[in-house]
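Notes for the one structure printed next.
The values are calculated or read from the model by the stated rules, or taken from the named source; none is laboratory data. These numbers come from a predicted model, not from an experiment. Please note: Cβ atoms are built from the backbone with ideal geometry, for glycine as well, and neighbour counts cover all protein chains shown. What goes into the accessible areas is simple: the full protein's heavy atoms, side chains included, and nothing from ligands, DNA or RNA. Shrake-Rupley method; radii C 1.70, N 1.55, O 1.52, S 1.80 Å.
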Amino acid sequence: MLMPVVAIQTVLDGKKEGKSATIRGWIYRKRESKQTIFLIIRDASGVIQCTVKRDNPSWSQAEKVTIESSVVLEGIVKQDKRAPGGYEIAIEKLSVIGLAETFPITKGKGKESEEFLRDNRHLWLRSRRMNLIMKVRSEVLRFTHDFFRKEDFIEVSPPMFISSACEGGSTLFGLKYFDKQLYLTQSAQLYLEALIYSLEKVYCVAPSFRAEKSRTIRHLTEYWHIEPEWAFADMDDLMRVEEDLMSYICQRTAKNCKKEIESLGADISKLKAVKTPFPRITYTEAIEKLNAKGFKIKWGEDFGFEDEKALAEEFGGPFFVYAYPRQIKAFYCKSHRDNPDLVMSTDMLVPRIGEISTGGAREDSKEELLKRISELGLREEDYRWYIDLRRYGTVPHVGFGLGLERLLTWMLDLENIIDSIPFPRTIRRFYP
Ligand code: ATP
Ligand code: MG
């Protein structure tokens, strides 16, 4: 009979020193010398070195075991400075659960091409690197939920099938829905707006789909969107909640995921430095700054990736750009009543990535909204229910959308957004 199984991390924490322990997991590395076989075992919690001596009855099992075979083993835990993690298990009993065929990923990242690892994503997810990224992703999601619950937001579930665009037609995925044409949602916003009339403060974390044709380090075709929306609020409330969320996530991640962040080689000090209030500049000031840096961008043009990166360099952390020209923002943005050329919209930018969120006040006047819909050539009947919201007890309200993967890419210094999600979808990648 085997003893109760413990997580490898429990052994690495020194809780089993000098005692017998049973662990299970997969063979991560294997090395053989004349008298000893070294097996590095991994489980969800960590990796540990285990050894078998030639005179041990488990020697033959250890000899036949291959990389990625699943095993369960029992042995004595010893402190050993030479072993990675500082502890080692001297195996006394070793059983193979599933003997692995020759594992296609033999060398790990850096040796095999990125392309090969992406084609074998279902297997590459077992790497330490992906294991750590997915753990931080889970924690960031937890902190997101904790934040909104703490602020009395109610979690809601928006639809994924939609009948008309939220963010413009060019990135809309169409699909056949029985004999009708529908789309995959680009944002839950319009639905969240309906829900605030019942619940006042709502949020969701849900997939959004964008038919992004460009290949960049910050675009996926399917990503997870953190979206709150709330009633009786203005731009100042919006930016305050947004920066509070951001600093809450960064501070808690820096504290709770220190080990993961350090193992990933990411800069933890950058997260610790995220403190409110964030700098705020207007769109017009941003244009002036860019022109002073030698960029040729005119008032009224939208920022490109390079413009955003150049702006962000100056701040070294998250900051807001607000008061955008109405022509570059969506139909639902509320215009400044004293300057209708400007809308109450704000982007949060971070170094290296640029935009990680867009938010703003939503047009709450039925007349203004109808004017915008017609100016942009949109079909009023497509937005009938949305216009209704302004008919029955309209309220000033705000909301924003924060891309979870862009946030993680920044937080963990990932080279490409692709590594922030287990099964990335891009224009070219939809397998596995
Ligand atoms: P961009 O101009 O960078 O393509 P956007 O302004 O079209 O982004 P929004 O409609 O403002 O994007 O979406 C809100 C947030 O959702 C963005 O700030 C970003 O964090 C995230 N996001 C948008 N598109 C994508 C995408 N294709 N992949 C990953 N995240 C995205
Ligand atoms: Mg945006």
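Numbers for the structure displayed
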item	result
Residue count, the range 175-191 (criterion: open to solvent by less than 40 Å² (accessible area, probe 1.4 Å) and within 13 Å of ligand 1 (Cβ to nearest atom))	6
Among (1) within 16 Å of ligand 1 (Cβ to nearest atom); (2) assigned to a helix (DSSP H, G or I), the one test that R372 misses	(1)
Total residues in the range 36-57, condition loosely packed, with under 14 Cβ neighbours inside 10 Å, closer than 14 Å to I91 by Cβ and not basic (K, R)	2
Counted residues, the range 292-320 - those being in contact with a Lys or Arg (Cβ under 8 Å, 6 or more places away or on another chain) and surrounded by 15 or more Cβ atoms within 10 Å (Cβ to Cβ)	8
Residue count, the range 375-425 (criterion: touching a residue at least 60 places away in the same chain (Cβ under 8 Å), outside any loop (DSSP other than H, G, I, E, B) and not aliphatic (A, V, I, L, M))	15
The range 1-40, residues that are without any contact (Cβ under 8 Å) to a residue 60 or more places away in the chain and part of a loop (DSSP other than H, G, I, E, B)	M1, P4, V6, A7, D13, K15, K19, S33, K34, Q35
Single residue of the range 350-363 satisfying the filter (within 9 Å of ligand 1 (Cβ to nearest atom) and assigned to a strand (DSSP E or B)) that is farthest from T409 (Cα to Cα)	G359
Scan of the range 406-432 for residues that are out of contact with any Pro (no Cβ under 8 Å at 6 or more places or on another chain), away from ligand 2 (no atom under 16 Å from the Cβ) and within 26 Å of G317 (Cα to Cα), ordered by number	L408, M411, L412, D413, L414, E415, N416, D419, S420, I421
Selection within the range 65-87 - at pLDDT 95 or above, out of contact with any Phe, Trp or Tyr (no Cβ under 9 Å at 6 or more places or on another chain) and under 16 Å from T36 (Cβ atoms)	V65, L73, G75, I76
Flag for S157 being open to solvent by 60 Å² or more (accessible area, probe 1.4 Å), part of a helix (DSSP H, G or I) and modelled with pLDDT of 95 or more	no
Those residues of the range 325-346 which are within 11 Å of ligand 1 (Cβ to nearest atom) and open to solvent by less than 10 Å² (accessible area, probe 1.4 Å), in sequence order	S345, T346
Test: residue in the range 347-354 that is away from ligand 2 (no atom under 16 Å from the Cβ) and either under 29 Å from E139 (Cα atoms) or open to solvent by 30 Å² or more (accessible area, probe 1.4 Å) (or both)	yes
Breaking point among (1) out of contact with any Pro (no Cβ under 9 Å at 6 or more places or on another chain); (2) farther than 30 Å from L190 by Cβ; (3) among the charged types (D, E, K, R), for K309	(1)
Selected residue (only one of L376, L369 is under 24 Å from S164 (Cβ atoms) and modelled with pLDDT under 95)	L376
Pairs, first within 16 Å of ligand 1 (Cβ to nearest atom) in the range 283-309, second open to solvent by less than 60 Å² (accessible area, probe 1.4 Å) and among the polar types (S, T, N, Q), C-beta under 9 Å, six or more apart	Y283/S345; F305/T216
Failed criterion for L172 (all others in (1) open to solvent by 30 Å² or more (accessible area, probe 1.4 Å); (2) in contact (Cβ under 8 Å) with a residue 60 or more places away in the chain; (3) out of contact with any helix residue (DSSP H, G or I) (no Cβ under 8 Å at 6 or more places or on another chain) hold)	(2)
Qualifying residue in the range 241-249 (condition: buried (at least 17 other Cβ atoms within 10 Å of the Cβ), more than 16 Å from ligand 1 (Cβ to nearest atom) and under 24 Å from R137 (Cα atoms))	yes
The range 77-136, residues that are polar (S, T, N, Q) and open to solvent by 30 Å² or more (accessible area, probe 1.4 Å)	Q79, S95, T102, T106, S113
Residue, nearest to the chain's Cα centre (by Cα), within the range 394-405, restricted to residues that are within 29 Å of L369 (Cβ to Cβ) and within 16 Å of ligand 2 (Cβ to nearest atom)	G403
Criterion (among the charged types (D, E, K, R) and closer than 30 Å to Y386 by Cα) met by exactly one of K258, K272, K334	K334
